[in-house]
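Reading through the C-alpha cells given below for one structure.
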Amino acid sequence: MLNQLTATQYIQYSKQILLPEIGETGQIALLNANVTVVGLGGLGTLVAQYLAAAGVASLTLIDGDQVERDNLPRQLIYAESDLTKAKVDVCAMRLSDAYLDVTIVPVKQMLDVSNVDSLIPNTSKLIIDCTDNLAVRQVINRFCVNNKKTLINGAINHGSGQVFCFNFAKHTSAGCYTCFVPLTAKVEQSCATSGVLGPAVGMIASFQAKIAIEHITESFNQYGQLFRFNVTDNSWVVANLNRDPACSICRHHYLGEAS
Ligand SMILES: [Zn+2]
C-alpha cells in the first residue's frame with residue numbers, strides 16, 4: 001500500500017495532481033488502484049493505455065484474441081509487426097515499457113460464464129467492460145452484481161456509442177446492465193458487423209477511462225446514468241437508468257432486500 005508519492009511521481013503526475021478533484025490524495029488512490037479491463041480491442045486498448053499512463057497500480061487485461069490487420073486503424077497500441085501475436089502479450093509489453101508504476105497482469109483467455117470467477121481477481125474493485133459481445137457483457141454484469149464491484153460499460157457501432165457506470169456497492173437505485181438489456185436480447189451490432197470509425201471509438205474509450213479515474217479518485221457521482229453519443233450528428237444524450245424490480249440478476253442484491 002503506497003501512502004506517499006516519490007519525487008519522480010510528483011513530477012510525472014503533476015498535471016493531474018494540480019486538478020483539485022484529484023490532488024495528491026487522488027493520485028495516491030490511483031497508485032493503489034487495481035482495475036480489470038475485459039477486451040483489448042478499440043475500447044480496451046485505449047482504456048488500458050490511459051489508466052496505465054495515469055498511474056493505476058495494477059491492470060488485469062483479459063483477452064484471448066490475436067492482433068489482426070483490420071484492428072490497426074483503431075487499436076492504436078498494435079503495430080504491423082504485432083500481427084498474429086496475442087493481444088494481451090503486446091499490451092503487457094508496451095504498457096510495462098512505457099509506465100513503470102503499473103503492473104500488468106495479462107490473461108490470455110476469452111472470458112465466459114465458466115471462468116469469470118477465476119479470471120477476474122478479487123482485488124479488482126473496478127471492472128471495465130470493453131467487449132463487443134452481448135453474452136459476455138451479461139456475464140460480466142452478473143459477476144459485478146454478485147461481488148458488489150463497480151462496472152464501467154462502453155459500446156460503439158457505426159451509429160452510436162454509449163457509456164454507463166454502475167457502483168453495485170454503494171449506488172442502489174439504477175439497477176444493472178440486465179435491467180437495461182434483458183437476457184432475452186439477441187440482436188447486437190458490433191464493430192465486426194457494422195463498421196466503425198477509429199476516432200469515434202476513441203471518444204467512448206476516453207470517456208470510460210475518464211470515469212474510471214473519477215471513480216477511483218472519488219470525484220464521480222453519475223452512477224446509473226447512460227451517456228449516449230450519436231456518431232452521425234455528434235450529439236450526446238444523458239438519461240437516468242432505472243432499476244427493473246423484476247430483474248433476475250439484481251433484484252436480490254440491493255441493500256435492504258432479502259438475499
Ligand atoms: Zn438488474
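Details
- Global geometry of the stretch 155-234, whether rounded, prolate or oblate, following the gyration tensor of its Cα atoms and the 1.5 cut on a/c: oblate
- Extension gain, L72 to S118: 0.36 nm times the residue separation minus the Cα-Cα distance gives 13.5 nm.
- In the elastic network of the chain, a GNM with C-alpha springs shorter than 10 Å, the most mobile of I28, I17, I120 is I17.
- Within the chain, helices built from complete DSSP H runs that reach 20 Å or longer along their own axis (Cα positions) and carry a mean Kyte-Doolittle hydropathy of -1.0 or higher are 198-216.
- Estimated distance in nm for a label pair at N3 and Q109, the labels positioned 7 Å out from Cα along Cα-to-Cβ: 3.6 nm
- Contour excess over end-to-end distance, with Cα ends at N234 and H158 and 0.36 nm allotted per residue: 26.1 nm
- Choice from G198, G42, G55 with maximal GNM fluctuation in the chain (Cα, 10 Å cutoff): G198
- The stretch 33-240: C-alpha gyration tensor shape, a/c 1.5 cut-off, then a/b vs b/c: rounded
- The mean sequence distance of close C-alpha pairs (under 8 Å, at least 6 residues apart), as a share of the length of the stretch 33-240, puts its relative contact order at 22 percent.
Every number in this text was worked out from the coordinates using simple rules, so none of it is lab data. Being a predicted model, the structure only gives us computed values, none of them experimental. Please note: Cβ atoms are built from the backbone with ideal geometry, for glycine as well, and neighbour counts cover all protein chains shown.
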